[in-house]
Amino acid sequence: MGRHQAVKQVSSTALADYYSASQLRNDRWTALKYAAHDLVSSADRPKTSAIEKARDLLDTLEPIETYWSFPGRRGVAGLIELLVRRDYGAFSDEVDRIADSLATGSYRRPDGDLDDDDDHTKAVRKPFFEVLVVENSSSEGEEAERDALRAMRRPDDAFVYETVFVNTFEDALIAILFNHNIQSVVVRYDFAYRSKNSLKVLQRILSRVNKDYTNISREEHGPELCRAIRRVRPELDVYLVTDRSVEEIAGQDLGGCSRVFYNREDYLELHLNVLRGIASRFNTPFFTALKEYSKQPTGVFHAMPISRGKSITRSNWIRDMVEFYGMNIFLAETSATSGGLDSLLDPHGPIKKAQELASRAFGSKHTFFATNGTSTCNKIVVQAVVRPGDIVLVDRDCHKSHHYGMVLAGAHVVYLDSYPLSEYSMYGAVPLREIKHKLLELKKAGKLHRVRMLLLTNCTFDGLIYNVERVMEECLAIKPDLVFLWDEAWFAFARFGPTYRQRTAMHAAATLAERFAEPKYREAYAKQKVDYSKMSDEEVLNTRLMPDPAKARVRVYATQSTHKTLTSLRQGSMIHVYDQDFKGEIEASFHEAYMTHTSTSPNYQIIASLDVGRRQVELEGFELVQKQVEAAMAVRKSIAQHPILSKYFHVLTVKDMIPAEYRESGVETYWDPEHGWNDAWDAWEKDEFALDATRITLAIGGTGVDGDTFKNSVLMDKFGIQINKTSRNTVLFMTNIGTTRSSIAYLIEVLVQIARDLDAEQDYANPTERKVFHKKVHALTKELPPLPDFSRFHATFSPQDGTTTTEGDIRSAFFLSYDEAKCEYVPLNGRSMDKAMDEGREFVSTSFVIPYPPGFPILVPGQVISHEILAFMRALDVKEIHGYRADLGLRVFTQAALDQRTADQAKTKK
């Protein structure tokens with residue numbers, strides 16, 4: 001084997017270590033920069049190995065740069081020419097220029113039209129993007145078209161762009177999945193299907209499209225590519241240029257194609273359409289209106305002395321507030337709804353337009369802003385949809401706002417149990433089999449007509465994601481008008497990643513609505529000839545159910561904490577609606593619920609931030625989510641392969657978090673040292689549950705430190721690292737769209753330092769200290785209390801109709817506890833409760849009892865306290881338990897109160 005071949009083989013092995021082509025691209029340009037410096041430093045007699053290394057790096061970059069305007073294929077070709085000419089000085093200078101431009105983003109200012117040192121030009125810098133052109137053209141033809149579009153630029157253009165050319169269907173898909181700068185696509189005609197690019201990391205990108213288009217005729221490549229782009233990156237503007245009948249093409253389903261052009265109509269029209277498409281996404285109706293309002297001279301004879309900053313700037317004592325925040329925030333602070341502004345409670349102007357743009361961005365039929373968090377969003381939806389006495393199936397581990405929402409709505413609640421992860425003191429998610437089982441029980445009891453809603457958390461705090469489409473599809477086969485509420489508080493970002501999007505509520509709702517309307521589906525349903533009502537429950541549980549398209553209604557709501565995972569001020573949230581019966585059945589009650597829970601003085605800054613956050617995700621959400629996932633994957637890989645970290649820590653894998661019966665794909669981990677990266681697309685498409693890679697659960701039992709102490713006393717106090725959730729022996733790290741590679745590096749450094757400190761402590765520990773350490777580790781890894789399931793509602797809060805279904809009247813229990821005479825406290829510790837329970841007494845909780853962590857109720861009003869729940873509570877080592885007073889004990893109903901309620905119910909029956 002020659003030296004050049006050996007170098008290429010090493011490089012090829014290194015390529016497998018990269019999760020994404022973007023990381024590979026950045027690191028290869030950095031490596032080329034240092035390789036070029038080596039060539040210059042030995043310019044008199046450069047080593048053959050240094051030349052080969054530079055050429056090897058260029059060989060890797062050449063196919064990658066096909067999909068970028070800068071430096072692009074031309075830039076790499078120019079470098080290869082300099083290397084061949086042995087002009088190492090010029091080669092090094094050019095590599096420096098390219099690498100620095102990529103690192104700083106200065107390439108986004110084409111033609112050097114702005115001076116970096118000019119503060120004014122920095123302020124007016126035009127946003128830059130790239131336009132992908134798909135056509136079968138020569139290099140000369142591409143250059144001519146690039147120059148023609150550049151010639152269309154005008155000084156008053158709001159944006160500036162460069163073009164990227166590819167000549168196959170597959171290359172177009174790779175480009176939009178790899179190059180985050182692409183905002184518009186011009187699809188021409190007569191181009192081939194197959195890409196000649198065989199670089200594995202790019203082929204992995206292509207595999208995520210997961211659809212075979214090879215049986216499509218060449219003349220259909222253009223329209224089909226428009227549809228494919230819509231599925232993969234729906235935010236992009238797509239323009240189809242055809243040599244066929246425009247009238248015929250325009251009538252086809254082109255996946256939301258922005259416009260169809262005939263042949264090569266003038267470039268100015270294309271240029272203007274491209275800029276108009278970007279302007280539509282860039283538009284922020286309310287933020288712009290608020291900025292304009294802040295510039296107006298106004299006299300305030302209304303509420304809010306802080307408006308225009310008057311109460312602060314005239315003060316002798318609080319002017320430091322202006323110094324900290326600046327004046328703009330106070331100039332924009334007002335209680336007015338006129339003067340170009342709008343009312344959140346009854347929007348007709350810029351807020352209405354902003355919500356419509358958000359609806360487009362997130363794929364809903366209607367979107368509503370909220371300025372007091374997703375807790376309020378949840379209550380709005382529940383109160384709008386659920387009527388007193390309706391049965392609601394609820395994930396028992398959901399956020400407390402849902403439980404309180406059930407109280408407010410007067411719902412009768414059926415709690416669903418998640419599968420346990422007892423080894424890590426956390427719950428997983430609710431299996432579809434459990435949901436179907438509860439629906440079938442209610443159907444058998446003649447109560448299916450009362451079932452109104454299924455409420456699930458997607459994704460869970462720990463990153464478990466449902467197969468949303470399948471859950472809704474199979475449930476609709478049993479209950480065709482079931483309403484779904486998906487709590488996506490931690491999942492707003494998912495819409496903007498192709499892999500993640502398929503498991504979002506709005507995407508699944510649109511997919512099902514489209515499918516049920518297709519003749520192909522109706523034929524398939526008619527052909528199956530299966531009557532589910534004649535099947536046994538076990539057969540139904542084991543069958544992939546198909547809804548009747550003539551009866552099924554797609555009724556889906558999603559609540560999202562925009563501020564948690566996207567750009568928004570705290571408490572900025574959205575409600576997304578995809579309900580085919582919203583207009584006819586829900587709109588009026590939704591409006592009333594919205595008015596009930598929404599402040600008449602909403603914070604305009606939060607609304608403006610939601611508007612701006614929407615702009616951001618429509619223009620760069622794909623890039624930001626891609627980098628967020630990359631950062632998380634880097635953490636997973638770094639910890640798994642680091643010898644000292646793996647001694648004390650373990651990142652929980654797909655296998656750890658999701659039992660095998662819910663993983664049809666067989667995927668066990670995203671990365672392992674033996675096989676490298678596993679493409680998780682199959683898992684996300686097929687499996688009952690998927691794991692959000694951006695939520696990194698770190699098992700820390702090996703440190704001998706519990707989760708709460710590790711979070712506060714170690715990470716925060718010693719190193720300034722902030723995290724949210726812990727369990728008894730885990731901590732949860734989350735990457736977001738603001739996470740940088742530097743912050744990832746710092747996290748790894750901190751974990752390594754902690755591991756080294758532990759090593760040092762053990763090296764100098766005496767036998768007794770080591771014994772104590774191992775005992776702590778054993779307690780955190782082996783002596784874990786079993787996680788209790790929901791026990792049951794007490795008979796007096798359960799159905800009074802002779803059936804055995806499990807729904808409970810949580811509202812009655814909640815308000816019964818308002819009478820202190822009917823409540824008492826019993827000590828948790830000691831044996832008094834156990835002894836009384838053994839003698840037949842049923843202790844019934846008066847309130848929600850919520851330990852943090854895990855942060856969801858282990859007891860709800862009206863629930864019978866079981867021995868398992870007592871054992872779990874006694875084993876908890878957390879300091880914060882809402883609804884429980886350590887000095888008094890558990891608050892329960894007196895036996896007399898329960899007996900009296902039972903007697904009253906008996907009288908009512910008579």
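The values are calculated or read from the model by the stated rules, or taken from the named source; none is laboratory data. What you see is a predicted model; the values in this text were computed from it and never measured. Note that we place each Cβ from the backbone using ideal geometry, even for glycine, and neighbour counts take in every protein chain shown. Ligands, DNA and RNA are excluded from the accessible area calculation, which covers all protein heavy atoms including side chains. Shrake-Rupley method; radii C 1.70, N 1.55, O 1.52, S 1.80 Å.
Scanning the stretch 607-634 for residues that are more than 28 Å from ASP462 (Cβ to Cβ), open to solvent by less than 30 Å² (accessible area, probe 1.4 Å) and more than 17 Å from the chain's Cα centre (by Cα) yields ILE607, ALA608, ASP611. Taking into account only those residues within the stretch 269-299 that are over 30 Å from PHE128 (Cα atoms) and in contact (Cβ under 8 Å) with a residue 24 or more places away in the chain, which is most open to solvent (accessible area, probe 1.4 Å)? Selected residue: GLN296.
Of all the numbered requirements in (1) surrounded by 13 or more Cβ atoms within 10 Å (Cβ to Cβ); (2) farther than 30 Å from TYR670 by Cβ; (3) modelled with pLDDT under 85; (4) more than 36 Å from the chain's Cα centre (by Cα), ASP115 misses one, and that requirement is (1). Out of all the residues in the stretch 714-737, is one or more farther than 27 Å from LEU624 by Cα, assigned to a helix (DSSP H, G or I) and touching a Phe, Trp or Tyr at 6+ places or on another chain (Cβ under 9 Å)? No, the conditions are met nowhere in the stretch 714-737. Scanning the stretch 696-706 for residues that are closer than 29 Å to VAL471 by Cβ and either among the acidic types (Asp, Glu) or open to solvent by 10 Å² or more (accessible area, probe 1.4 Å) (or both) returns a single hit, ALA699.
A count restricted to the stretch 476-488 and to residues that are in contact (Cβ under 8 Å) with a residue 60 or more places away in the chain and either part of a helix (DSSP H, G or I) or open to solvent by 10 Å² or more (accessible area, probe 1.4 Å) (or both) stands at 5.
Residues are listed down the side, and each one gets a yes or a no for (1) hydrophobic (A, V, I, L, M, F, W, C); (2) closer than 21 Å to MET406 by Cβ; (3) out of contact with any Gly (no Cβ under 9 Å at 6 or more places or on another chain):
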{"site": "GLN762", "(1), (2), (3)": "no, no, yes"}
{"site": "VAL777", "(1), (2), (3)": "yes, no, no"}
{"site": "PRO788", "(1), (2), (3)": "no, yes, yes"}
{"site": "SER791", "(1), (2), (3)": "no, yes, yes"}
{"site": "TYR852", "(1), (2), (3)": "no, yes, yes"}
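Can you spot a residue in the stretch 893-905 that is on the phi < 0 side of the Ramachandran plot, of a type in the set (A, V, I, L, M, F, W, C) and touching a Pro at 6+ places or on another chain (Cβ under 7 Å)? Within the stretch 893-905 (the criterion being on the phi < 0 side of the Ramachandran plot, of a type in the set (A, V, I, L, M, F, W, C) and touching a Pro at 6+ places or on another chain (Cβ under 7 Å)), the answer is no, since none of the residues qualifies.
Looking across the stretch 568-593, the residues that are open to solvent by less than 60 Å² (accessible area, probe 1.4 Å) and either acidic (Asp, Glu) or within 25 Å of the chain's Cα centre (by Cα) (or both) come down to SER568, GLY572, SER573, MET574, ILE575, HIS576, VAL577, TYR578, ASP579, ASP581.
When the stretch 156-166 is filtered for residues that are over 19 Å from LEU102 (Cβ atoms) and surrounded by 20 or more Cβ atoms within 10 Å (Cβ to Cβ), the ones remaining, listed by number, are PHE165, VAL166.
In summary, SER832 fulfils each of the numbered conditions (1) surrounded by 15 or more Cβ atoms within 10 Å (Cβ to Cβ); (2) polar (S, T, N, Q); (3) free of Cβ contacts under 8 Å to residues at least 24 places away in the same chain with the single exception of condition (1). Quick one: in the stretch 501-528, which of the residues that are touching a strand residue (DSSP E or B) at 6+ places or on another chain (Cβ under 8 Å) and open to solvent by less than 30 Å² (accessible area, probe 1.4 Å) is farthest from PHE733 (Cα to Cα)? The extreme case among them is ALA513. Being assigned to a helix (DSSP H, G or I) and either in contact with a strand residue (DSSP E or B) (Cβ under 6 Å, 6 or more places away or on another chain) or surrounded by 14 or more Cβ atoms within 10 Å (Cβ to Cβ) (or both) is the requirement here; does PHE856 meet it? Taking the combined requirement at face value, the residue does not satisfy it.
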